[in-house]
Each structure stands twice: as structure tokens, then as C-alpha cells.
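The values are calculated or read from the model by the stated rules, or taken from the named source; none is laboratory data. Every value quoted in this text rests on a predicted model; they were computed, and no experiment measured them. Glycine gets a Cβ as well: all are built from the backbone with ideal geometry, and neighbour counts include every protein chain shown.
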Amino acid sequence: MNGLKLNPRARAWLGFGLGAVVLFAAAPALLTDFRLSLLAKYLCFAIVAVGIGLAWGRGGLLTLGQGVFFGLGGYAMAMHLKLADAGEGNMPDFMELYGQLDELPAWWAPFANPVFALAATVLLPMLVAFGLGSLVFRRRVRGAYFAILSQALAAAMVILLIGQQGTTGGTNGLTDIEGFFGYDLDDPVNQRMVYFIIAGVLLALLALTRQLMHSRYGELLVAVRDSENRVRFLGYNPANVKLVAYVVAAGMAGLAGALFVPAVGIISPALIGIVPSIEFVIGVAVGGRAALLGPVLGAVAVAWAKTALSERFPGTWTYLQGAMFVLVVAFLPGGLASLWGMVKRRRETAAPLVPQADAPVLVKEAAA
Amino acid sequence: MTVILGQLFTGVSIGAVLLLIALGLALTFGQMNVINMAHGEFIMAGAYTTYVLQQTITDAGLSLLVALPIAFAVAGAMGVLLEWALIRRLYTRPLDTLLVTWGVSLMLQQLARDIFGAPNVQTKAPDILTESTSLGTDLSIANSRLFILGLVVLAVAALTAALKFTPLGRRIRAVVQNRDLAAVSGIPTARVDRLTFFIGSSLAGVAGVALTLLGPIGPTMGTNIIIDAFLVVVVGGIGQLKGSVIVAFVLGMLQAMVEYLTTLSVAKVIVFIAIVAFLQWRPQGLFTLRTRSLA
Amino acid sequence: MLRFHRRRLAACSVALAAALAVSACGSKTGESDTTGGVTADTSGDTVKVGLLNSLSGTMAISEVTVRDAIMLAVEEINAAGGVLGKKLAPVGEDGASDWPTFAEKAEKLIKVDRVAAVFGCWTSASRKAVKPVFEENKALLFYPVQYEGLEQSPYIFYTGATTNQQIVPGLDYLKAQGKKSVYLVGSDYVFPRTANKIIKAYAEANGLKVLGEDYAPLGSTEFGTIVNKVKASKAEAVFNTLNGDSNVAFFKEYKSAGLTAASMPVVSVSIAEEEVKSIGTQYLSGQLTAWNYYQTTTGAANDKFVKAYKAKFGADKPTSDPMEAAYVSVYLWKAMVEKAGSFDVEKVKGASNGVTFEAPEGLVTIDGATQHIHKTARIGKIGDDGLITEVWNSGGPVKPDPYLKGYPWATGLS
Amino acid sequence: MLRIEGVHAGYGRSTVLHGVDVTVDDGKVTAVLGHNGAGKSTLLRAAIGLLRPKQGMVLFGGEDVTKLAPHVRVARGMAYVPQGQQCFPHLTTAENLQLVADGRRGGRQALASALDLFPALNGLMRRRAGLLSGGQRQQLAIARALITRPKLLLLDEPTEGIQPNVVAEIEQAVLSLAGVDGLSVLLVEQHLGFALRAAHRYHVLESGRVTSSGAGGTGAEPAVRAALTV
Amino acid sequence: MSETAAGLRIRGLRVVFDGFVAVDGVDLDVEPGDIRFLIGPNGAGKTTLVDAVTGLVKATGSARFGEQELLGRDVHRIARLGVGRTFQTAALFEELTVLQNLDIAAGAGRSPWTMLRRRGAVPDDVAYALETIGLTDRRGVLAGTLAHGQKQWLEIGMLLVQNARLLLLDEPVAGMSHEEREATGELLGRVAGDRTVVVIEHDMDFLRRFADTVTVLHAGKVLSEGTVAQVQADPKVQEVYLGHASTHDTAHDEPVAQGAEA
């Protein structure tokens, strides 16, 4: 590896090129349609993970409510697709069945417009994140408080969705989605197309996130994570800095949710609640929260492991899953990505990599 | 009128249950800053302890009374094991405790499923606790709820007294206030941490015994209520019990009243909104320990 | 720091490629890519059948016993020589109480394992999630739980009760008992909400007053307020569509509030022997249930079923309606396959109408048009011994009517 | 009694002490002098075990205690009064003291004799320690340390930041303690007069290194002053 | 770099923690160009005073910088008014490089668009600051790996690029070697210019060499104020601070105001 001394920019291009080859050529060639559709699902989780990596790994915001934004994006997309499936002027099947509504609820109507729906998949989660974030960060609610609040948000959102069965599908969620902007999702060719879209979006978001991480804003975000007060004394409002990361992460989760719908054909409260929200974060922790690719790999690895383990050990896989979370988070806080860093550092002593959002105060002297 | 009184009592009893669960968290989260997601599984352990005891002690009343101390010990022992194996390595990373203990809670649920079977199990409550005490014409109060209320009052009193008047309580408070100074005063801080965690976890075991009177006993029984309990501690404020006590009852009341007027789903959502609004006003919770060193 | 990330970018890409390669290697064998339906693999000595239930998560409480009952049927059939001379090889998957996981696992059973049929699912949500998967791949699902009706998929056989085989008889029974008013309590999901709509329509047509309607989120264990409302309503009976854990908390609260089976009976449609066991008879004694089967149901077929079940899983394990329906579903599939003389899905479907089986609940017959089965409705009373004894039955199998087309009061419902 | 040998210590990546040797003889007072930031407090933190040396050894009564936890060192007979009049602010004065006496053989007696040294504390027993004045808190801190009946007392700037009338009392107490029952003292001080009067030996610490040492006593003051104002 | 010179004017500043009066009615005036040293024993309220002025702790009274009242504003708003501070223990972004630290300090007023792009060339003010604090050739290393003295200089550099007009330095030379102290003192001299500088310091040598004026705080109140010589000559100061050891035998007749005194 040492012989391979490329400049950073070339490395980045090489990395993206390699990623593109893997996602666009290798995976479709090697995997069956079923496995490819699973990969599409994992990549959706990976998109969520990229956002969490930014907000948590770089910004120190442990957001345990990404399911909410994933769900908002997913529902926005699914609402449009259900309306499109039903055809102009008709109501989605479940609504007639369970809602017994005479006409489409007013808040559904705009989603018939594809442009509105597509915009909503990203903007709606961002708007909610903006609202909650500006309330919460401004009042300096952080750390564990923020984590628990965001978790409670996920719980509240699930209850709200389930309670409005007639218009949201309740626990069932929105299922049986047949078409995707005119393409029949039953057709494996179209499923493949959805996969390619997801892979492309993932790569694009990685590029965007990389730019964000390496921008001045990215440096500032790390500064806020490590010493919020110091940043404040430099004249910045850390609340705004965090807000940007939180809102961007929410937008990514929303987009992921929107793409998940054509890939899997369902969006339901089961993807929004506390458990899926924690699983998103666990994937990031396993992969490596502060790295760019760590979250992606972690999310894919955790989702893949869940599938593989539960297929092979249907009765006992939860032990293995739990043990994996425990071991990696407790003993390898930098995630799998840090293994690489460790190997490197053993070779050439360099700076430590894994930052701690809650670094202990080392010197505790009395105040003067 | 009777309905309102009935709802008031319902609110109090919801608060009592919340508090019973939050009390342990007030120690482990509030004092030690550990976000223990496996707390719910310690509750489960307490409930299963009651179940196991009833296999040998068939008298419902006696087994319940015996279960209280044994569940205390069982859950406490699990807590100590968890602290020793994992948490002590994570004191500088409070957020990571959340993820690690969540993995632990997954494993404990599966363990319960493998030991006791996936279906819920039942325990027999003493007859008196399945009945109600009548107050006036229409108003009656469930004895099980009264029992839990009594248990909570007892637990809060005992915990407060223990923190205030016992050597261990002094040590726990000392370690929270100034860990280094405690260490150089000859206090084995690591052992105090473990004991604090023991007590916090033990209280979950006691809560588990009490919950057998109200709800199901199964592998996932702990997961439903745990977030609510964390919110109680968050809103109550770190480091002090009285905040959790007040907030538990206020939230219980709020939920009971809103639920009566609307539905349980709406009540839960409104409670959440109320919490966010409250934290706007007091971001550190109802009560905070302010010291100069925090400034 | 920056340099680090760039280097890792390349490294991680390699790792990603490796991960993909591994997952590819691990799964490629035996998978086929056919468009529009996957034919089951029946080439060998055995034929695979899929078992899709939640073994983890909140629904495991209920679904594990269903898995047990399916396994019992499969073993019995294998012991008796299998189906069309082929032994059944069960492939189990864990739906993990998560609807998208159900869909994923269903697809895996169909496409990777190429099973001849899948038995399982419990919640309506999981069924709704897998329905498109089965329809798209033209594969068979046998769904063993009573449900809200209003559905008819060409690739699903419904072996539990639809509404006119459980809810409507339950209401008929209340009416016959002279009850004039009822309070509705249910979990917040599809089945209770739909059931309650049907109940309200029925009530309006039959002079029954609905005094209130309350829903608790799934898994909710806080029933103080709901029971207060029920008590204050002074209804003559309660119709209970709560699911799972919530029943435990509800009945404990109910008893504590001083309400009894004598003063205000509760008719439940989701409490079977298994649930009785986990709630405790001290809270349930005398309450009513509406089902098609009880462990106490008389008949040689049931004696044999109960005996076999207890021998395999333990003398203290009760049998219940969903378990029986799941057990029956395997036998019905066997009968259909044998009638068709083929495992081919379309042929099996074609052979379904009129297939009968001497089930523990009595004779059941498949209605080919709706793919539901004719079942006898039974109202039972919970006894102190934890068993449910029949107090009323419909006299014979009731024809399934998932859309309630035969009930004039139900015209507005579907 | 105490031998600190070649200790390198610091926080995180920065090193504050660069190989310090300091010895405290039985029943004697040794003073460590130096500017703020020279590493005096760090030295004491390493001695009591709040900071693990990156290199070097701490020997107490001939035993290598370098790897022992602070509370074990206290059990061995070391006591430490940190800088800045630290106390447990939300505990009462009585609790601050009782805490240390708890479970200790002769703790009650030790508490009483510690209070004898600072009778002013008797009237403040029910007050929260956080509300005491600096001088009172320092008296409390020293009393607390004495309850463990130490053989060695590590004192970090006991008179800094304290109102003058209390300073005299504290100085008096420290002087009266030294040598009584064989108590040894390692005293960190900025104020030379007091330190040298009390000390048997002194070390001057600068930028993490011992730059000069000598016998104590007021006579040493000019030499030390010279050493400190280079 | 020159704006209207502004001075710091504090009136009746009072900070109370849970009943403990940390700063008890302090009046303080510092003129532009002045290097004011703030001294006093531990617990005298020096750092708390700086905390109050920079918005970190709540205080009553008044603290004006130029025309602007500082009390009651958010920390970052106070900072934007040109108030900068350093901390006892260097508070840098240790995971970022020297250059990145300075760049962030320089950037509070940047547009969102600039923020979202990478830093191209080193901005002039940052380059100037690097030169001033002598870290130009170390700009690429992580701040966490700097030597102690360099960290303090970087902090001062950050104040420079932040374009702070009022500098509040909390023990800038603590733990420094003799040479580093000298260098820091000279740096202060260069930096001061028309800025207003307040330095909390214990080191008397350093004070004598670099202070213009001195304020002595004791128990939350101003005990004495004036030139170095004036303060040194003040017997009250002698007693509480500069060497009670050598004046040990003088009578303790000083009335000490202690709210919590029994």
C-alpha cells in the first residue's frame, strides 16, 4: 500500500470510481435479482447512515430519531405512488377499505403532483428537523438529553401515524405499491433501475458529504463537537452550526425513505419507531462514526448481517446481533473503519482519530 | 365528579408506575450519567423472579412479599455484572452506553424467550390486590394501584433516607459531586459506582415485581415504558430525586387528563409536545445541581 | 486528518467490494431469476415448505405457538408418508415482528428456497406486507389467524375466521342474551378498527347501543383511563378486540375496578387458551370469547390433536384457535395438492374448492371462490381451570363471507 | 516515608513533569516550591495516584505504590489536601467529615481530634460545605484528610486564597501537625516564609524539573528567592 | 484594523452561585491601549469576572464595552462585539490543525457560501497571525500536539484573527518556561496596540515586566488599583496577596467581608 502514493484528489476520484464499478457493474453482475433488491434496501439504510455520520460522527449529535425523517420521506413518496396507482380521481385502496372516506383528505391532495411529492420527500423531513432542532439546540439541550428526546420523537411519531389509520394506513402502513412514475415495479428490469437510482444517489450524497466535511463548515462542525463553548466565544452560534448538520442528515434520511418505497414496496410505522432508529445508529457505530465511508459500510454490514444471520440461525440470531453491537461499540469505539487507522498508526505514529463528543475533563482545578 | 376523581387517581397511579421505573434510572442515569437501555430487561427479570418463586411458593401473597427482596437482589446482580463487564469502560462515553446496553437488552430478551418460552407467563396476585376499595357510591380505587403507590412512597423514602443518612449514601453523593476528591478521601470510587449501579438496577427488579400486578410478564415487557421513564428523569433534572418524583406525577396526571378528553394516542403525543415545550423553558430539567465548577 | 480520510476512502471501497463479493458467494446457489412467478422446487425426494412467523420481537409471544403447531402437522404428515410421496422439509424464517422483514423473508422463501407453500403471518400488517410478494411471484400463503375480512387475494388461503364467522356470531350471542348496550375496546390497528366498524353497523341495525369506543396503542399496558370510561358508561357488555399484551393489563385493571363477568361481561376475540394462561384465570373467570375452536371442543380429531401437541411440547401447553387453524392449514394444503396431483400453484388453487378436512374443530371445507374456509362459530366461557368451554355454537360450519355481502346492514362497509 | 523517583507525568499528550525526584523523610516536612504551572500540583496528583506517571515510581514506606488506586494509597497511610479548598459542596460539613470516618476503625475518635484542631468548624456542622468561606473550607479539607490518621500528608497550597486571619490558624495547625505521631508532610507552597519555616528540606521545581534543593529553615529564604526569580 | 477605540467599563458587577457571592459589586475601567493585569488570590473572583463579561455566567450590574452593554447578551453575540478571551487551560480544537483553528477564529462573519467551500489560499489575516505568533511553519500540525506555550500563543492568535478589540486573557503564561514567558509578554505588547487588554495572572515577575496597570481583587471585591508600583506599595495588597508569609507577624486587623462567615 505504501507504494501507492497518490495525491488526495486522485485518491478520492479513484475511490469513487471503484465504488461506482462495484455498485454499477460488479453487484448487478454477481447478484440475483432478490439479493440485488436486498442490496438496494441496504443502500437506502446506507444513505441514512451517511447523514448520521455527519450529524453524529462530525457534529456529536446522537440522533436516535432518524426513523422519523426516513418515514416522512417514505410516506411522502408512498402517498404519491399510491395516488398514482389508484389513478386520477380515485382514492388509494386502503382508504376506501378502512377509512371510509368520501373523498381524499386535503393533506393528501398535493401529493398527487409528482414534483410536490418529490420535493416533499426531502423538504418535509428537513422542515421538521429545522423546527425541532432550532427549539432544542437554541436552548442547549444536548448529549444524552438530545438523544432521549429524539428517541421520544420517534415513539410519538409512530403513535400518531398508527392513530390515523384511515388516512395513513395505521400499523399496516402504505403497502402494495405497484408503479414508480409509470414503471411497473413487478418487472425485474424496473427493480434493477430502482437499484441503480439508489446507488447513484448514494454516490452523489457521498460526494456531497465529502465536500461538506472538507469545507470550512465541516471544520467548524468538528470544532463545535469538541468544544461548543470555545466556538461560541469566537462569535459563532453553535446552535446554527448543529442545525445545519441535523437538517442535512434529516434530508438524507428522507431521501433514503423515499427510495426505500419503490425498492421494497412498503413504508410502515415499523420503520420509524425506536428500534429501527437505533439500528440506523448502530450501523454507523459499527462502521465508524467519524469517517466518510464508515457509516456506509457499517449500515450495509449490519443490515446484511441481520439478513444472513436470521436466515442461518432463525432462532438465535438476536444473540449474535446483540453481541456484535456490544463488542464493536464497547471495544472498538471508532468502528471497523478505525481498524485501518490502527494498522496505519502502528506503522507511523500519528494523531489519534476517534474523537469523543464527551471527553472527560482531565484537569479539574478549583475555579479561580 | 366521580369520574374526575377517578381520573385524578388514575393519573397518580400512572405517575407511581412511571416513578417506580424512573427511580432506578434517576440513580444510574441521573447520578452516573449511564443511559442503560437494559433497565427494562432488569424490570423483566424482577417480574420473572416473581413467576419462578410462585412455582415453589404457591401462596400468592407470601410469594409476592418474598419476591420483592429476591428480585431486588437478582436485578441488582445483573446490574453489577453489566457494570463490571461493560459500563465501567464507558464512563467517559455516556452516549455509547446507550448503544451498548441496547445490544445487551436484545440479548436478554432472547435469553428470557429461551428460558421461559416466548409466550407471556402469569403470576397469581393475592386476592386482595385484585379487588378495589370503594370510596363513596361510584368511586373505587384499585388495591393493586394502592399497593404500588405505597411501594413507590416506600421506595422513594428508603432511597432518600439511604442517600441522606447511610455511609453508602454519603459516598454515592460524594462521588457524584467530586470524584477525585472522593478518591483521595479514601473512598473506593469504582466500588461506589458499582454499588450505585446495583441499587439503581435493583429498583428495576422491585418495579418488575410490582408490574406483575398490572400488566403482562413476557420478554418484551420492559421495552414499552422505558422511554417514558427516561423522559421523567430528563425533565426532572439530573442529580436530584425530587425532580423525578414531581415530574412523574405531573406527567401521569397530564396523560390521564388528556387521555380522558381525547385518546391514549393523542395523550402520548401531547405529553411529548409538553416535554419539548418544558425543556424550552428549563433546558436542564426541573431541578439541577449547580456548583461553581459547572459554571 | 484530512489525508486520513482520503486514504481510507480507497481502503473502504476495497472493503465494500469484498463485502459484496462475500454476500454474493453466500447466496447465489439455488437462486433463479424467473420473471413473473417462481416455480417451487419439487425435483428431489423432499419438497420445501416455508414457515414465516415472528420468533423475536413483540409478536413472538403469539406466533411461536403457531410455528409449533405447523411443525406438528408437518411431522405428522411426514410420518404418514409425506405429500405425493415426498417428505416435507420445513424452512423457518423469523419475521421479527417487523412488516418489511416479513416481506423480505417471504421473498427469500419463494425465490431462494423455492418452497411449495408458506404457512404463517399473524398480524394483518404482516399479511398486507407480504401479500404483494405472493401475488407478484404467484406463490401460496396460508394465513391461520382470524382477521378483519375485506380481503381476498388469489394467492392467500385464509384458514382463520373472517368477521362473519367470529364477530357477527359474538354479537348475535350478546343480542340473544338480551344485552342492549356495548362498549368497544380495541388495540389501535386494522383489525379492531375494522371490526368495530362492522360492530357499529350491526348495532345500528339491531338496536344495540354503542356507548363508547376506545383504542390503545399496540403494546400499551396502561388501561386506567379506558377502564374508568368503560365503568362510567354503565354498558351492559364490552366487546374487546385488544391484542396481545394489552389484554393482560386490561383485564387486570378491569377486575381491579370491581367489574366482573356477571356485572359487565367482556366478549373477546383475541383471547385463546394461550392468552388465558398468561393473564390468569383469577382475572378472566366467567368472561366470554368468540372463536371456532377450543381445546375442549369435542371430537376424536381434537383428542388426537391435543394429545399429540402436549406430547410434543409439554402437558402444560394448551392448544388454541390460531394454532389449530395453522395446523389445519398444512393438512388442507396437503389435501389440495393430492387432489390436484401436483405441487403446481395454479393446479393446487384450481383443486381447492370443496376440499374438506376432519379438523379438530370439526369438518372444514374450502370455499374456492373466496379461498376462506367454512368454520363453525363458537362462543366460549373461560373457566377457573384456564380452559374455555363452549356455551353456544352456530350449529354447523358457517360459509365464509369476507365482504359481508350476505348481510344487508353491512352494505356500506366495503 | 515517600520517595518519588524519576517521575514523568502530564495530561493527555502534554508532559508536565520531566523526571522529578523528591524524598520525604519520616516525620519531617518537605516543601516543594515553584511558580504557578511549574508542576507542583501535578507532582502531588501523581503522588496520591490521581495521575498515573508515564514513567518513574512512587514509593511509600518502601512499597511501590505507583499502580495503586488513590483510595488504596489512603488506606496505606497517605492523605492529600488538594488545591483550592475542595469539598463536597452539597454535603454538610458534618457529612463531609463523617464520610471519611465511616467504616474506619477509630473514625469517630479521629473525627473528634481533627475537630479539636479546628474548633471553628464545630459551629458549622449543619451548613452545606459549598456555603462556607474559603478559609473554613480549607480547614474542613485538612480536617477531612486527618481523619484517616495518615502517616504522610500531601498539602497543596493550604494557605492560598484564604483570608489572612484564617491563614494564621492554618499555618499554625500545619506546623503543629508536623512530626507529631511521626506525621510526615509534603508541602507545596508559593509563599516562601511559611514554607521554609515549616520545612526540613525544600525542592524548587521549575518547568517540571527540580532545579535546586536544600535544607529548610528561614535562613534558606534568600537562596530560594534567588532560585525562583531567575 | 483600526476602529473607534473602545474601553471596558464595569459597574456594580455581581455574580452569585447558589448563595455564594463570587463577584461582589466590582467597578472596573480599562482604557484602550492599556494592558491591565487582574490579580488576586484563588477564589477572588477573577475568572468569574471574565466569565460574566463574556456572557458565560449570569451577572447583575453593568459591563459596557464602548457603547455596548454586554450583560444579558448571548456569548456569541458578545464575541461578535469584539470581545475575545482565552482560558486557563488552552481551549483549542485539538483535532484540527493550527491553520484550521485560526481559520475558524477568523470566520465568524463569513457568508454561508464561503463556509460551504473549501479554504483555498491561506487568508491574509490568518497568515499575518501565524507570523505574529510564530507558528507559520507549524500550521499543518494538529493543535493538540503543540507544546504548551505554543497552544497559548495559538489562542492569542485566534483572538487576533477574530479581530477582538477587548482581549481577556486567563493566565496566559501559566506553566510556561522563562523564555516562553518573555516571548508571550512581547507578543502581548505587539498585540495590544489600540486594543483593550485584561490579563489575569499570578506571576509577579511577568506582571512587573508587562503590566501597565493592575487591579487587585479579593473576595469578589476590588481591593486596590493603580500602577504596579502603587499596588505594590499598598499594604492591603501586601497582606492578602503579595506575600503574607513575609508579613506574617503583622496584626490581622483587616476587616474581611465574607457573606458566609459564621
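Can you find a residue that is out of contact with any Leu (no Cβ under 9 Å at 6 or more places or on another chain) and either under 20 Å from A:Thr168 (Cα atoms) or in a loop (DSSP other than H, G, I, E, B) (or both) anywhere in the stretch C:211-231? Among the residues of the stretch C:211-231, at least one is out of contact with any Leu (no Cβ under 9 Å at 6 or more places or on another chain) and either under 20 Å from A:Thr168 (Cα atoms) or in a loop (DSSP other than H, G, I, E, B) (or both), which makes the answer yes. Among the residues of the stretch D:1-30, write down those that are crowded, with 16+ Cβ neighbours inside 10 Å, more than 20 Å from B:Val184 (Cα to Cα) and touching an Asp or Glu at 6+ places or on another chain (Cβ under 7 Å). Of everything in the stretch D:1-30, just one residue is crowded, with 16+ Cβ neighbours inside 10 Å, more than 20 Å from B:Val184 (Cα to Cα) and touching an Asp or Glu at 6+ places or on another chain (Cβ under 7 Å), namely D:Glu5. Restricted to helices (runs of 4 or more DSSP H) entirely inside the stretch B:102-218, those with at least 2 residues that are free of Cβ contacts under 8 Å to residues at least 12 places away in the same chain, within 14 Å of chain A (Cβ to nearest Cβ) and farther than 30 Å from B:Thr10 by Cβ are B:179-184. Looking at B:Val17, B:Val74, B:Val66, B:Val52, just one residue is touching a residue at least 24 places away in the same chain (Cβ under 8 Å) and over 12 Å from the mean Cα position of the chain (by Cα), and that residue is B:Val74.
Evaluating E:Arg64 against the criteria (1) away from chain A (no Cβ under 11 Å); (2) of a type in the set (D, E, K, R); (3) under 29 Å from E:Arg138 (Cα atoms) leaves one unmet condition, (3). Kindly establish whether C:Glu324 is surrounded by fewer than 20 Cβ atoms within 10 Å (Cβ to Cβ), farther than 14 Å from C:Leu141 by Cα and not assigned by TED's automatic domain parsing to the domain that holds C:Ser270. Judged against the criteria, C:Glu324 is not a match. Tallying residues that are in contact with a Phe, Trp or Tyr (Cβ under 6 Å, 6 or more places away or on another chain) and on the phi > 0 side of the Ramachandran plot within the stretch C:354-398 yields 1. Report whether or not A:Pro125 is within 30 Å of B:Arg93 (Cβ to Cβ), buried (at least 20 other Cβ atoms within 10 Å of the Cβ), away from chain B (no Cβ under 14 Å) and modelled with pLDDT of 85 or more. Here the answer is yes, as A:Pro125 does meet what is asked.
The number of residues in the stretch B:243-266 being assigned to a helix (DSSP H, G or I) and modelled with pLDDT under 90 comes to 3.
Table: residues versus (1) free of Cβ contacts under 8 Å to residues at least 60 places away in the same chain; (2) surrounded by fewer than 16 Cβ atoms within 10 Å (Cβ to Cβ); (3) on the phi > 0 side of the Ramachandran plot.
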site	(1), (2), (3)
A:Ala12	no, no, no
A:Leu18	yes, no, no
A:Val21	yes, yes, no
A:Pro28	no, yes, no
A:Leu36	no, no, no
A:Leu39	no, no, no
A:Cys44	no, no, no
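Residue-level check: of (1) within 14 Å of chain D (Cβ to nearest Cβ); (2) buried (at least 21 other Cβ atoms within 10 Å of the Cβ); (3) under 19 Å from E:Leu169 (Cβ atoms); (4) among the hydrophobic types (A, V, I, L, M, F, W, C), E:Ala22 misses just (3). Filtering the stretch D:12-29 to residues that are in contact with a Ser or Thr (Cβ under 8 Å, 6 or more places away or on another chain) and among the hydroxyl-bearing types (Ser, Thr, Tyr) leaves only D:Thr23.
If you filter the stretch A:145-169 down to residues that are more than 11 Å from chain B (Cβ to nearest Cβ) and assigned to a helix (DSSP H, G or I), you find that the one that is surrounded by the fewest Cβ atoms within 10 Å (Cβ to Cβ) is A:Gly166.
Here B:Asp127 meets each of (1) buried (at least 19 other Cβ atoms within 10 Å of the Cβ); (2) closer than 30 Å to C:Ser246 by Cα with one exception, condition (1). Listed by position, the strands (runs of 3 or more DSSP E) inside the stretch C:330-414 whose residues that are more than 14 Å from every other protein chain (Cβ to nearest Cβ) and more than 17 Å from C:Tyr147 (Cβ to Cβ) number at least 3 are C:356-359, C:362-367, C:378-382, C:388-393. Scan the stretch C:70-118 residue by residue and report those that are part of a loop (DSSP other than H, G, I, E, B) and of a type in the set (Lys, Arg). Across the stretch C:70-118, the qualifying residue is only C:Arg114.
Mind checking whether some residue in the stretch D:161-173 is within 15 Å of the chain's Cα centre (by Cα), crowded, with 24+ Cβ neighbours inside 10 Å, touching a residue at least 40 places away in the same chain (Cβ under 8 Å) and more than 12 Å from chain E (Cβ to nearest Cβ)? Within the stretch D:161-173, not a single residue is within 15 Å of the chain's Cα centre (by Cα), crowded, with 24+ Cβ neighbours inside 10 Å, touching a residue at least 40 places away in the same chain (Cβ under 8 Å) and more than 12 Å from chain E (Cβ to nearest Cβ).
For the stretch B:130-165, what are the residues that are of a type in the set (Val, Ile, Thr), surrounded by fewer than 15 Cβ atoms within 10 Å (Cβ to Cβ) and at pLDDT 90 or above? Residues satisfying the conditions are B:Val153, B:Thr160. With respect to (1) over 11 Å from the mean Cα position of the chain (by Cα); (2) under 14 Å from C:Pro400 (Cβ atoms); (3) within 11 Å of chain A (Cβ to nearest Cβ), the lone exception for C:Val133 is condition (2).
Of the candidates A:Ala258, A:Ala245, A:Ala239, A:Ala250, the single residue that is within 11 Å of another protein chain (Cβ to nearest Cβ) and assigned to a helix (DSSP H, G or I) is A:Ala239.
The rows are residues; the columns are (1) out of contact with any Gly (no Cβ under 9 Å at 6 or more places or on another chain); (2) more than 7 Å from chain B (Cβ to nearest Cβ); (3) not hydroxyl-bearing (Ser, Thr, Tyr).
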| position | (1), (2), (3) |
| --- | --- |
| C:Val227 | yes, yes, yes |
| C:Leu242 | no, yes, yes |
| C:Lys252 | no, no, yes |
| C:Leu259 | yes, yes, yes |
| C:Pro265 | no, yes, yes |
| C:Glu274 | yes, no, yes |
| C:Thr281 | no, yes, no |
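Restricted to helices (runs of 4 or more DSSP H) entirely inside the stretch D:48-124, those with at least 1 residues that are within 22 Å of D:Leu140 (Cα to Cα), basic (Lys, Arg) and away from chain A (no Cβ under 14 Å) are D:70-76, D:107-117.
Evaluate the following for C:Ala205: is it in contact (Cβ under 8 Å) with a residue 40 or more places away in the chain, outside any strand (DSSP E or B) and either under 28 Å from C:Lys105 (Cα atoms) or in contact with a strand residue (DSSP E or B) (Cβ under 9 Å, 6 or more places away or on another chain) (or both)? So C:Ala205 does not fit the description; no. Could you check the stretch B:50-76 and list, in sequence order, the residues that are crowded, with 17+ Cβ neighbours inside 10 Å and either at positive phi or polar (S, T, N, Q) (or both)? Matches in the stretch B:50-76: B:Thr50, B:Gln54, B:Ser63. Residue check: is B:Leu86 surrounded by fewer than 24 Cβ atoms within 10 Å (Cβ to Cβ) and among the hydrophobic types (A, V, I, L, M, F, W, C)? Yes: the conditions hold for B:Leu86. In the stretch A:164-190, of all residues being without any contact (Cβ under 8 Å) to a residue 24 or more places away in the chain and in contact with a Gly (Cβ under 8 Å, 6 or more places away or on another chain), the one that is nearest to B:Ile275 (Cα to Cα) corresponds to A:Gln164.
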